[in-house]
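For reference, the structure is listed below as structure tokens.
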Amino acid sequence: MTSKTAPAHPAPSSGLPGADRLKFSRGRDYWTTHAEPETGLRALRLADGPHGLRVQDDENPDHLGLERSAPATCFPPAVTLASSWDEALIESVGAALAREARASGVDVVLGPGLNLKRSPLCGRNFEYYAEDPLLSGRLAGASARGIQSQGVGACLKHFAANNQETDRNRISADMDERTLREIYLRNFQIALESSGAWSIMTSYNRINGTHVSQDARLMSDILRGEWGFDGLIISDWGGVYDPPAALMAGMDLRMPGGPVGPVLEAALAEGRVTPDRLDEVVATLRQLAERTAPGDTPAPDPQAHHALVRRAAAESTVLLKNDGILPLAPQPGQRFALLGELARTPRIQGAGSSRVNARQVSPVLGTLDARLEAAGASTGFAPGYGLEPGPADPALLAEAVQLAEGADVVLLVLGLTDAAEAEGSDRSHIDLPEQQLALLAALDEARRAGTLRAPVVVSLVNGAVVTTAQWRDGAAAIVEFWLTGQAQGESISDVLLGDTAPGGRLTETIPRRLKDSPAYLDFAGAHQHAPYSEGIFVGYRYYDARDIAVDYPFGHGLSYTSFAYEDLHLEVCDPQDEIALRARLTLRNTGERAGSEVVQLYVSAPGNGFVTPPQELRGWQKLHLSPGEARTVEVAVPRRHLAHWHSELARWIFPGGALEVRIGASSRDIRLSATCTVPGEALPVVLGPWSLFGDWMEHPVMGPRIRALFAARGGVKGRAGDLLNDPAGRNSIYSTPFAMLTEFPGIPMTHEELAALVAEGDALNG
């Protein structure tokens, strides 16, 4: 982001003929831009991805680098890191990723991805952060800050509303302006405010019928004009459908590279693409080249980065359920059964364009069992299921059940496969794969028969939520590890054995049933249109408003210790302060182990003139406390984060009033609450011809004007006058649009006079 006084776009360059400048609006090849030595513009190299560098191996290339990219550290994807709720941790991962980018000659990392998780079915949810725009924006902003701290450009993607993979090149995300602003643009706005990202990538999809890559309102008016973005706008690969329209709407760089083509050449010759616009493109590329100029960046340390992966994955782990079995305390002679093919064949990341060629991978099998055996315990392994779609193998089930029946503790590794979730396709359900459900059913049958007495600990490795409602009662503990990155065996072992306490909290609600989810009726649309009929009621906003029971709520996560919340105090700030209020409380570790807690602040603002959810996340703080330690927690709520988008006035408004501040360990585990009155802007009434007559009469300026005009003309006559003089009838007249009343006999005002008042009302309403 630029400062308020800076231009929204770099000053134009000059000196090159129009035809020569045209080439800069498209990449040179799949990953690089054009250079122009005569003007000092060097070529820029771009590379995926959000959770690890995916640079094409020049000695063994393929077009997209999907399978033969150079080895790099595979960090935990966004779904995992988001669960940490830890901006400092995410920023450190971004910095490590950027150091590897620097060493590989990469100028721009194409990430982070921060699209909102509208539905649990989106096949690319593993690349995204949250169902809440504030949380998603701040965490993605932290990633971008980390990347750019090393002189490498971050690229926020996919701008905007890329919430499904089905028909993603043609689908139109159809929504009202308030939903667009408060939910699907808000996270990008917050990420830009907190990071100043140097580039942004447009999405494939359309919004309300227009492809984002050629939407001047989104790119030029909002992104550059309103938000002050001065960086490079890059298309997703192949995501430009009308090159001249995209270029003139604000798209700077079309990727992948290739010939300019006759369409653009003709547009330039005919004046539909202007030289000034090409000057802007060249200037923006030069600015990015200057921002990413080679400097003294520390060389990457692969082993230090592996250790960071291990720590980040463990601290992002969400303990969903625990009856006391965790952390494990293996004893000599104790028997453990390790079940699940995913323990032997680790799935550490999602499938698609972000796949990283990991330098090293540690599976659970060979890591966890070695540590158990080092403590004197014995272990056995059975795969229990396969990774390819299809029915369960009876022989694999029988082998796994037999091993479990002879164990003291069963350690079950379950999760999603590449076939179950991947870029380019969406899921059709939120259950575990069929073979894994069959294994759970077989273990449950053995438990009911009395042959299985050992507690079952379920470790989940998946990039999108899976419901546990059908089988969680049979598990003593359920741990959501998500996709851990390359140190999977070590991070899972660290958490299960208690070396690291699970520090993660859910950034998305896990529903009991797919049909309970907000977008169930509309996802993924039909006939190239996806109605966003749930509006702003996404995620916990919807579940809370409908009072729907969920599997696990937004913000949920248990610990190996316990915490007490005490002494909440609210401070309301001066109306001129950018901070609206501060909440202070004491958090105390009341358990016997060290651990972390995410103190979450929600605000409920009923009766503020807007239709709002029962509560919305407005801040949080994560703390690590030793046993018995107590610390003061302060969460500041910026005034702008309390505002809502007023579609008629086309701007953000915080009307002020009474607010309930709720402090909790999740959206449904509120520990403390208090109310306060925060001053704000009086909510204006927007007057138009079809505004209700009552709104006109109650307006502080227009109401007296109308009464005086009516009185000067002898008052309201006839049936309309009778209704106005009757208390019940007055409600009928007041709830009628003013334009309709001008048709009634006895109303002393014409359409033309009303139009004059409307013009005055426009001026009054700004």
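The values are calculated or read from the model by the stated rules, or taken from the named source; none is laboratory data. None of these values were measured; they are calculated from a predicted model. For neighbour counting, all protein chains shown are included, and Cβ atoms are generated from backbone atoms with ideal geometry for every residue, glycine included.
Which members of the stretch 499-519 meet the condition of being small (Gly, Ala, Ser) and either more than 19 Å from LEU617 (Cβ to Cβ) or outside the structural domain of LEU320 (by TED's automatic domain parsing) (or both)? Even if it seems obvious, please write down each step before you answer.
Let us first name the residues in the stretch 499-519 that are small (Gly, Ala, Ser), namely 501, 503-504, 517, 519.
Matches in the stretch 499-519: ALA501, ALA519.
Given (1) in contact with a Ser or Thr (Cβ under 9 Å, 6 or more places away or on another chain); (2) part of a loop (DSSP other than H, G, I, E, B), where does THR632 come up short, assuming only one miss?
(2)
Out of the residues in the stretch 198-230 that are part of a loop (DSSP other than H, G, I, E, B) and in contact (Cβ under 8 Å) with a residue 60 or more places away in the chain, which is surrounded by the fewest Cβ atoms within 10 Å (Cβ to Cβ)? Give the derivation first.
Keep residues of the stretch 198-230 that are part of a loop (DSSP other than H, G, I, E, B), which gives 198, 203-205, 208-209, 215, 227-230.
If we keep only those that are in contact (Cβ under 8 Å) with a residue 60 or more places away in the chain too, we end up with 198, 203, 227-230.
Details: TRP198: 24, SER203: 24, TRP227: 17, GLY228: 19, PHE229: 28, ASP230: 19.
Looking at residues that are part of a loop (DSSP other than H, G, I, E, B) and in contact (Cβ under 8 Å) with a residue 60 or more places away in the chain, I get TRP227.
Could you identify the single residue in ASP695, ASP726 that is over 42 Å from the mean Cα position of the chain (by Cα), on the phi < 0 side of the Ramachandran plot and among the acidic types (Asp, Glu)? Show your work before the answer.
Numbers: ASP695 fails: over 42 Å from the mean Cα position of the chain (by Cα).
Only one candidate qualifies: ASP726.
Does ASP252 meet the test of being of a type in the set (Asp, Glu), touching a Leu at 6+ places or on another chain (Cβ under 9 Å) and at pLDDT 95 or above?
Working: of a type in the set (Asp, Glu): yes; touching a Leu at 6+ places or on another chain (Cβ under 9 Å): yes; at pLDDT 95 or above: yes.
Spelling it out, ASP252 is indeed of a type in the set (Asp, Glu), touching a Leu at 6+ places or on another chain (Cβ under 9 Å) and at pLDDT 95 or above.
If we scan the stretch 494-504, do we find a residue that is within 17 Å of GLU131 (Cα to Cα) and either out of contact with any Pro (no Cβ under 7 Å at 6 or more places or on another chain) or part of a helix (DSSP H, G or I) (or both)?
First, the residues of the stretch 494-504 that are within 17 Å of GLU131 (Cα to Cα): 504.
Of the ones still in play, those that are also either out of contact with any Pro (no Cβ under 7 Å at 6 or more places or on another chain) or part of a helix (DSSP H, G or I) (or both) are 504.
Within the stretch 494-504 (the criterion being within 17 Å of GLU131 (Cα to Cα) and either out of contact with any Pro (no Cβ under 7 Å at 6 or more places or on another chain) or part of a helix (DSSP H, G or I) (or both)), the answer is yes, since at least one residue qualifies.
Can you go through ALA191, ALA160 and tell me which one is crowded, with 23+ Cβ neighbours inside 10 Å, under 22 Å from HIS527 (Cβ atoms), modelled with pLDDT of 95 or more and not basic (Lys, Arg)? Give the derivation first.
On the way: ALA191 fails: under 22 Å from HIS527 (Cβ atoms).
On inspection, the qualifying residue turns out to be ALA160.
For residues that are surrounded by 23 or more Cβ atoms within 10 Å (Cβ to Cβ) and of a type in the set (Phe, Trp, Tyr), scanning just the stretch 468-505, find the one that is nearest to the chain's Cα centre (by Cα).
Per the stated criteria, the residue is TRP482.
Would you be able to say whether some residue in the stretch 509-520 is buried (at least 24 other Cβ atoms within 10 Å of the Cβ) and farther than 30 Å from TYR204 by Cα?
no
Among the residues of the stretch 68-87, write down those that are closer than 13 Å to SER354 by Cβ and over 23 Å from the mean Cα position of the chain (by Cα).
Selection gives SER69, ALA72.
With the condition kept exactly as written, say whether any residue in the stretch 659-677 is part of a loop (DSSP other than H, G, I, E, B) and β-branched (Val, Ile, Thr).
Initial filter on the stretch 659-677 (part of a loop (DSSP other than H, G, I, E, B)): 667-668.
After this cut, where a residue has to be β-branched (Val, Ile, Thr) as well, the list is none.
No, every residue in the stretch 659-677 fails to be part of a loop (DSSP other than H, G, I, E, B) and β-branched (Val, Ile, Thr).
Would you call PRO275 surrounded by fewer than 24 Cβ atoms within 10 Å (Cβ to Cβ) and within 20 Å of LEU44 (Cα to Cα)? So that I can check it myself, show each step before the final result.
Details: surrounded by fewer than 24 Cβ atoms within 10 Å (Cβ to Cβ): yes; within 20 Å of LEU44 (Cα to Cα): no.
No: the conditions fail for PRO275.
Could we say that PHE537 is part of a loop (DSSP other than H, G, I, E, B), in contact with a Pro (Cβ under 7 Å, 6 or more places away or on another chain) and either without any contact (Cβ under 8 Å) to a residue 60 or more places away in the chain or not assigned by TED's automatic domain parsing to the domain that holds ALA130 (or both) here?
On the way: part of a loop (DSSP other than H, G, I, E, B): yes; in contact with a Pro (Cβ under 7 Å, 6 or more places away or on another chain): yes; either without any contact (Cβ under 8 Å) to a residue 60 or more places away in the chain or not assigned by TED's automatic domain parsing to the domain that holds ALA130 (or both): yes.
Taking the combined requirement at face value, the residue satisfies it.
Restricting attention to the stretch 301-321, does a residue exist that is small (Gly, Ala, Ser), closer than 30 Å to PRO363 by Cβ and surrounded by fewer than 22 Cβ atoms within 10 Å (Cβ to Cβ)? Explain how you work it out, then say what you get.
Taking the stretch 301-321 first, the residues small (Gly, Ala, Ser) are 304, 307, 312-314, 316.
Still in the list and also closer than 30 Å to PRO363 by Cβ: 304, 307, 312-314, 316.
Those left that are additionally surrounded by fewer than 22 Cβ atoms within 10 Å (Cβ to Cβ): 304, 307.
Checked against the condition, which is being small (Gly, Ala, Ser), closer than 30 Å to PRO363 by Cβ and surrounded by fewer than 22 Cβ atoms within 10 Å (Cβ to Cβ), the stretch 301-321 yields at least one hit.
Take GLY555 and decide whether it is over 26 Å from GLY539 (Cβ atoms), at pLDDT 95 or above and either buried (at least 16 other Cβ atoms within 10 Å of the Cβ) or among the acidic types (Asp, Glu) (or both). Step through it out loud before you land on a result.
Details: over 26 Å from GLY539 (Cβ atoms): no; at pLDDT 95 or above: yes; either buried (at least 16 other Cβ atoms within 10 Å of the Cβ) or among the acidic types (Asp, Glu) (or both): yes.
When the stated conditions are applied, GLY555 does not pass them.
Just checking, which of SER149, SER194, SER172, SER199 is hydroxyl-bearing (Ser, Thr, Tyr) and under 16 Å from the mean Cα position of the chain (by Cα)?
Numbers: SER149 fails: under 16 Å from the mean Cα position of the chain (by Cα); SER172 fails: under 16 Å from the mean Cα position of the chain (by Cα); SER199 fails: under 16 Å from the mean Cα position of the chain (by Cα).
Result of the check over SER149, SER194, SER172, SER199: SER194.
Which ones in the stretch 689-741 are surrounded by 12 or more Cβ atoms within 10 Å (Cβ to Cβ) and of a type in the set (Gly, Ala, Ser)?
Listed by number, the residues that qualify are SER691, GLY694, GLY703, GLY715, ALA720, GLY721, GLY729, SER732, ALA739.
Consider LEU268 against the criteria (1) under 33 Å from the mean Cα position of the chain (by Cα); (2) farther than 30 Å from ARG99 by Cα; (3) surrounded by 16 or more Cβ atoms within 10 Å (Cβ to Cβ); (4) in the same structural domain as SER199 (by TED's automatic domain parsing): it satisfies all of them except one. Which criterion is unmet?
(1) is the only condition that LEU268 fails.
Would you be able to tell me the number of residues in the stretch 26-44 that are among the aliphatic types (A, V, I, L, M) and either buried (at least 20 other Cβ atoms within 10 Å of the Cβ) or outside the structural domain of SER104 (by TED's automatic domain parsing) (or both)?
From the stretch 26-44, those among the aliphatic types (A, V, I, L, M) are 35, 41, 43-44; that's our starting set.
Keeping just the survivors that are either buried (at least 20 other Cβ atoms within 10 Å of the Cβ) or outside the structural domain of SER104 (by TED's automatic domain parsing) (or both) gives 41, 44.
Total meeting the criteria: 2.
Residues to consider are LEU116, LEU134; find the one that is over 21 Å from ARG311 (Cα atoms), surrounded by fewer than 24 Cβ atoms within 10 Å (Cβ to Cβ) and under 13 Å from the mean Cα position of the chain (by Cα). Full working, then the answer.
On the way: LEU116 fails: surrounded by fewer than 24 Cβ atoms within 10 Å (Cβ to Cβ).
That would be LEU134, the only listed residue that is over 21 Å from ARG311 (Cα atoms), surrounded by fewer than 24 Cβ atoms within 10 Å (Cβ to Cβ) and under 13 Å from the mean Cα position of the chain (by Cα).
Any chance the stretch 169-179 includes a residue that's assigned by TED's automatic domain parsing to the domain that holds ARG124, at positive phi and touching a residue at least 24 places away in the same chain (Cβ under 8 Å)? If you could, list the steps in order and put the result at the bottom.
Filtering the stretch 169-179 down to residues assigned by TED's automatic domain parsing to the domain that holds ARG124 leaves 169-179.
Subset that is at positive phi: none.
No - not one qualifying residue is present in the stretch 169-179.
Just a yes or no: is a residue in the stretch 405-415 closer than 30 Å to VAL55 by Cβ, surrounded by 21 or more Cβ atoms within 10 Å (Cβ to Cβ) and hydrophobic (A, V, I, L, M, F, W, C)? Don't jump to the end; show me each part of the working.
Here is the first cut: in the stretch 405-415, the residues closer than 30 Å to VAL55 by Cβ are 415.
Still in the running and surrounded by 21 or more Cβ atoms within 10 Å (Cβ to Cβ): 415.
The next check asks that each one be hydrophobic (A, V, I, L, M, F, W, C); those that pass are none.
Checked the stretch 405-415: no residue is closer than 30 Å to VAL55 by Cβ, surrounded by 21 or more Cβ atoms within 10 Å (Cβ to Cβ) and hydrophobic (A, V, I, L, M, F, W, C).
Just to be sure I understand the filter: pairs with C-beta atoms under 8 Å, separated by 6 or more residues or on different chains, first member in the stretch 304-315 and within 13 Å of ILE492 (Cβ to Cβ) and at pLDDT 95 or above, second member assigned to a helix (DSSP H, G or I) and of a type in the set (D, E, K, R). Which pairs pass?
From residues that are within 13 Å of ILE492 (Cβ to Cβ) and at pLDDT 95 or above, the pairs are ARG310/GLU490; ARG310/ASP494; ALA314/ASP494.
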